[in-house]
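Notes follow the structure.
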Amino acid sequence: MTPYTGPWTSAQAAHLLRRCTFGATFTDIQAAVQNGLNTTLSTLFTSSIIDQPLAFDPAEQIVAQGQTWINAVYPTDNAANQQTEGARMKSLGAWIAKNLNQESLSLNEKMLFFWQNHFGVTASGDARAMYQYLNLLRQHALGNVKQLVKDVSIDPCMLVFLNGSTNSVFSPNENYARELLELFTVGKGVQLAAGDYSTFTEQDVAAGAKIFTGYVVQGVRSATQTQVTSQYLPLLHDNTNKTLSYHFANQTISAGGATEYATYIDVIFNQADTASYICRKLYRYFVNAEITTWVEQNIISDMTQTFISSNFDIAPVLNELLSSAHFYDLSVRGAIIRSPFETLCAMLNTSSTSANFDLQSTYQIYLSMYGLADQMGQGYLAPPSVAGWTAYYQAPAFYRLWINSTYIKKRFDVVNILTSNNYNVNGNIFKIKVLDFLNGLSMPSSAPQVVDDLCVVLFPKDIPVADKLAIKAVLTGGLPDFEWTLQYNEYLNAPTNPIFYAPVELRMQAVLNIMFKMPQFHVC
Amino acid sequence: MKRRSFLKNGALASLSLPFVQNGFSMQAIAKQLFDVPKSAEDKVLILIRMNGGNDGLNMVFPRDQYAEMLVQRSNILVPESAILPLTLEVGLHPKMTGLQTLFSEGKLSVIQNVGYPEPNRSHFRSMDIWSTGALDINQTSGWLGRYFDGAYPNFPDAYPNVDFPDPFAISMGSEVSSTCQGLMGNFSHAVSDPFNNSNLLLTSVTNDGTYYGGQIEYISTLINQTNEYGQQITSAASAGNTLSNLYDPLNPIAVQLKYIAQMISGGLQTKVYIINVGGFDTHDAQVDQNDVKEGVHANLLKRISDAVRAFQHDLQLLGLEQRVAGITFSEFGRQIASNGSLGTDHGDAAPLLLFGACISSGIVGANPQIPNQVNNQAGVPMVIDFRDIYASILKDWFEVDLQVIQGLFEQNITYYDLLQGCTNSISENDAAQLQKPLVFPNPSLGQHQLKFFSNNEYLEIFLIDQNGKVLQKSFEGQLNAGPHHLTFEIQYLNAGRYHYLLKSATRQELVSFQKL
């Protein structure tokens, strides 16, 4: 793939950070310009350390508030058991929103969501199991995909979600075997004949169901077990040899007990279709929805080769893509419509706004953030189907499916909430820290420069001068620019005096309220 | 509505014959046509999407093959005595009492074994096929989207406008429907609550010709449309009414259908409403292990049945029955044999349900043939191609020109008689005179109804065999003006084709039926 060798300015640096994180500050962008592409990329590939989710909801009945529940049993009493699960799911949802909001400058969260979308697992039954599952995805997020698929295949959450836990020699269940091929690995091709999808056939689905037999899940919401585990029971496994279709050269997977599935996954990864299928999804996630013939021949094929020769490590593939000339081509800049969480976090993370109140209030606020993203169409723990969110696969609309008449209204509601002083949780006001945002810009006392800098942070491309003037007029209240300079300097002299900071804050809130509602903010 | 497009769609041509027969002057008819907007352009279609793959064999039961069903799916099969009979051969799930009632009122059709050649058991590919109405993998526009693209050019940029102030389609909830995906935009407008439409900031952007330009232009157009359509929808919903007390507020499908009734009665000119119902992917626990009549699938079927019954009742009270029809669909049926986890895996063909006062057939197609030996992975084979059903709906309901319809589909279309139960009525009174008699269900076995309109006349009805021999006089008497339903026993007849002759001082009309 041709590497990028062009200029490295805030335009390119901001593009890279917008695509790899949930929102970078003006300072982050300037640092990336200083550090150059390669150093910035190695920062992005550094893993970050995440705290554990904590109990905060009074319905939790086992662990104390402020303690983690991830290794705690559940109450014996049925009602108490259910209430505790509800409390833990709330904690988990809040924790997810918190991680997205407080991410470090790393690809971690972005890739974690890539896999959450890829496998499409909906949380079912036990918050501890869902936590473990997300941890598994996080652990491999920038690692080896073949190992990830093997581990996911027998993860308790997946076993429950796609009926693996009831798949036995006595009653084979095809659900996981089908989605593994169709959605997780080789992908579905053109239908050649009844039951033949050019990358696999119904025979492979039936064989796969048998291969995966024998695993059960134990400890769901258990009052004695501190973890949910998957266990292999030889009696439930189908001990025949399984013959695959001609797409897999009629190979036979010999009866192999507990590790038979891993042999099968090795066979699946030997198909070039698996590598190219996953690379196309990566391309859609990081670059553009449309895969033209040119892209297929020049980008996807190179990604596929790199992926195969790295034995399915994902970092080399991403590194090559994110430093390629194509990635920085103006034609693909701003081509992606931001997902709900990307939109929400772009409003918060660009100003380093986070909730840092007492445990209760902080978790309640993050739980609301989780809920707002859900209402905008992205319930993180509940993808609409096992294929993930339609925005990543449904042609020809793709990302446009994130925005329709219902969702756009919700997006605007969220803008109104976050750019006001009205969001009050237990006496704590949660709002965008517009003054910090302003003070982090290159020359906050200059109205035109404030607008220019905000455009660099919030929009993928420069906007017309007339639009900038309109935004500036909101900032200055229609007065001459020097009035803004005076106002800002007065605030600097007395930063804690509401007489001086309140008008500045109000102007900035009004500006962000407008800019967040511009179509240009909703793309990246 | 645009006169021009009304004339173009051939409604006049298909109406010309009855005019002559009834001796109306063409001029009077033309005036009535344009004064009273009850043309094809006022027809409304409801699509109910059953997402996940609906187990057709647990919804419509081949009663004549209960023994074979028992071989295939003994762990989930509802008891024979609990099945709700529609005919001697066909029955409904015990929870679908509402739809059983509609069937007895002649407002429900069951279309059997609907699918497509070379079935695909991927949820996603198969739903794409059903949404696009095409097997071609390169087809990305929806079947309704293609129809709308042809009828309303330059969407979305040119809409809404004075002639078309309302959304062409409304998808209830928060997602647009891929059935309405057009070339440049999706014709469906997502509405979760017709009473709640806030005003959004208007924007204008310049498309720089890149992907970016296309995206921001899309968002800008959508924001502006949301404002304009939002106002139309809210004012229609506020002006509208709903009269039935059968809607269950806890049934989300009923709530959405009630909203739809409200919008239609308020004068919204939207042609298609889409409802999405999830949860049909019943790989396990499809039925309750303690009572196979209960469970996840039973609850879904009950919700749909109850909601449609309430909606139809409402339409009747609102006087809107002749304008609205609805159909269900799902990406596939499920396998004939159940699995060991009280569920069923992905299969092939399944029945569709068509509802409305204007349906013109009862059971369309024969029962599926259930083998008496379990063949792993076997699904119900396709007999009727769903694309033909779509085409027939466009023909019967929206009166789209046949050449236009053929242009929307890749297969050579076979049309089915689905929604011809109401004439393309001019007004309620004229409709009564123009209404053709109808036998329902047809073909039929045990008993059936003869539906017809009377114009205050002394009427005799004769049963005639296919050689023209009068077998008996089935009815004789004075009838008031208006619609009439007579039920006749025909079990004793040999299989074959028969006619009823309706004879009075002012008319002689024949209506045919098939005895199975």
task: Scan the range A:41-85 for residues that are assigned to a helix (DSSP H, G or I) and not aliphatic (A, V, I, L, M) and report the count.
output: 8
message: So, in the range B:502-515, exactly how many residues are surrounded by fewer than 18 Cβ atoms within 10 Å (Cβ to Cβ), of a type in the set (A, V, I, L, M, F, W, C) and not in a loop (DSSP other than H, G, I, E, B)?
response: 1
statement: B:Gly133 fails exactly one of (1) touching a Ser or Thr at 6+ places or on another chain (Cβ under 6 Å); (2) on the phi > 0 side of the Ramachandran plot; (3) more than 12 Å from chain A (Cβ to nearest Cβ), namely (1)
task: Considering (1) modelled with pLDDT of 95 or more; (2) closer than 15 Å to B:Ser174 by Cβ; (3) touching a Leu at 6+ places or on another chain (Cβ under 7 Å), say which one A:Ile432 fails and leave the rest.
output: (2)
statement: (1) facing another protein chain (nearest Cβ under 9 Å); (2) over 22 Å from B:Leu352 (Cβ atoms); (3) not in a strand (DSSP E or B) all hold for B:Ala190 apart from (3)
- prompt: In the range B:224-259, how many are away from chain A (no Cβ under 14 Å) and among the β-branched types (Val, Ile, Thr)?
  reply: 3
query: Any residue at all in the range B:131-150 that is of a type in the set (A, V, I, L, M), outside any strand (DSSP E or B) and in contact with a Leu (Cβ under 7 Å, 6 or more places away or on another chain)?
result: no
field: Restricting the range A:403-422 to residues that are at the interface with chain B (Cβ under 10 Å from one of its Cβ atoms) and hydrophobic (A, V, I, L, M, F, W, C), the residue that is surrounded by the fewest Cβ atoms within 10 Å (Cβ to Cβ)
entry: A:Phe412
message: Looking at A:Phe56, A:Phe26 in this structure, which one is under 19 Å from A:Ala94 (Cα atoms), among the aromatic types (Phe, Trp, Tyr) and buried (at least 19 other Cβ atoms within 10 Å of the Cβ)?
response: A:Phe56
- request: Scan the range A:1-40 residue by residue and report those that are part of a helix (DSSP H, G or I), closer than 16 Å to A:His326 by Cβ and either in contact with a helix residue (DSSP H, G or I) (Cβ under 6 Å, 6 or more places away or on another chain) or of a type in the set (Phe, Trp, Tyr) (or both).
  value: A:Arg19, A:Cys20
- prompt: Does A:Leu441 fit the bill of being assigned to a helix (DSSP H, G or I), more than 14 Å from chain B (Cβ to nearest Cβ), out of contact with any strand residue (DSSP E or B) (no Cβ under 8 Å at 6 or more places or on another chain) and more than 17 Å from A:Glu342 (Cα to Cα)?
  reply: no
statement: Of the residues in the range A:162-193 that are assigned to a loop (DSSP other than H, G, I, E, B) and closer than 21 Å to B:Ser338 by Cα, the one that is farthest from the other protein chains (Cβ to nearest Cβ) is A:Val169
- line: In the set A:Glu296, A:Glu320, the lone residue that is acidic (Asp, Glu) and free of Cβ contacts under 8 Å to residues at least 60 places away in the same chain is A:Glu296
- request: Kindly provide the set of residues from the range A:357-384 that are among the hydroxyl-bearing types (Ser, Thr, Tyr) and either surrounded by fewer than 20 Cβ atoms within 10 Å (Cβ to Cβ) or free of Cβ contacts under 8 Å to residues at least 12 places away in the same chain (or both), ordered by number.
  value: A:Ser361, A:Ser368
message: Any residue that is surrounded by fewer than 23 Cβ atoms within 10 Å (Cβ to Cβ) and within 23 Å of the chain's Cα centre (by Cα) - is there at least one of those in the range A:174-185?
response: yes
query: Looking only at the range A:194-209, which residues are part of a helix (DSSP H, G or I), touching a residue at least 24 places away in the same chain (Cβ under 8 Å), within 11 Å of chain B (Cβ to nearest Cβ) and not β-branched (Val, Ile, Thr)?
result: A:Gln203, A:Ala206, A:Ala209
- prompt: Looking at A:Ala382, is it closer than 21 Å to A:Lys110 by Cβ, of a type in the set (Gly, Ala, Ser) and either in a helix (DSSP H, G or I) or in contact with a strand residue (DSSP E or B) (Cβ under 8 Å, 6 or more places away or on another chain) (or both)?
  reply: no
- prompt: Looking at the range A:467-524, which of its residues are away from chain B (no Cβ under 14 Å), among the β-branched types (Val, Ile, Thr) and surrounded by 15 or more Cβ atoms within 10 Å (Cβ to Cβ)?
  reply: A:Thr476, A:Thr485, A:Val504
- request: Determine, yes or no, whether A:Thr240 is away from chain B (no Cβ under 14 Å) and either touching a residue at least 24 places away in the same chain (Cβ under 8 Å) or under 27 Å from A:Glu342 (Cα atoms) (or both).
  value: no
- prompt: Which residue, of B:Ser204, B:Ser171, is polar (S, T, N, Q), in the same structural domain as B:Val255 (by TED's automatic domain parsing) and part of a loop (DSSP other than H, G, I, E, B)?
  reply: B:Ser204
query: Pairs, please: C-beta under 6 Å, at least 6 apart or cross-chain, first residue in contact (Cβ under 8 Å) with a residue 40 or more places away in the chain and surrounded by 12 or more Cβ atoms within 10 Å (Cβ to Cβ) and in the range B:146-170, second among the charged types (D, E, K, R) and outside any loop (DSSP other than H, G, I, E, B)?
result: B:Pro160/B:Glu228
task: Might you check whether a residue that is polar (S, T, N, Q), touching a Ser or Thr at 6+ places or on another chain (Cβ under 7 Å) and touching a residue at least 40 places away in the same chain (Cβ under 8 Å) occurs anywhere in the range A:121-131?
output: no
- request: Spot the failing condition for A:Ser153; the list is (1) more than 10 Å from chain B (Cβ to nearest Cβ); (2) free of Cβ contacts under 8 Å to residues at least 60 places away in the same chain, and only one is missed.
  value: (2)
- request: Out of the residues in the range B:244-266 that are assigned to a loop (DSSP other than H, G, I, E, B) and at pLDDT 95 or above, state the one that is nearest to B:Asp314 (Cα to Cα).
  value: B:Ser244
Filter result (within 14 Å of chain A (Cβ to nearest Cβ) and charged (D, E, K, R)) within the range B:278-316: B:Asp281, B:Asp284
- prompt: Looking at this structure, is A:Met347 within 11 Å of another protein chain (Cβ to nearest Cβ), touching a helix residue (DSSP H, G or I) at 6+ places or on another chain (Cβ under 7 Å) and not small (Gly, Ala, Ser)?
  reply: no
task: Please enumerate the residues belonging to the range A:472-524 that are of a type in the set (Asp, Glu) and in contact (Cβ under 8 Å) with a residue 60 or more places away in the chain.
output: A:Glu505
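The values are calculated or read from the model by the stated rules, or taken from the named source; none is laboratory data. Because the structure is a prediction, the values reported are computed rather than measured. Backbone-built Cβ (ideal geometry, glycine too); neighbour counts: all protein chains shown.
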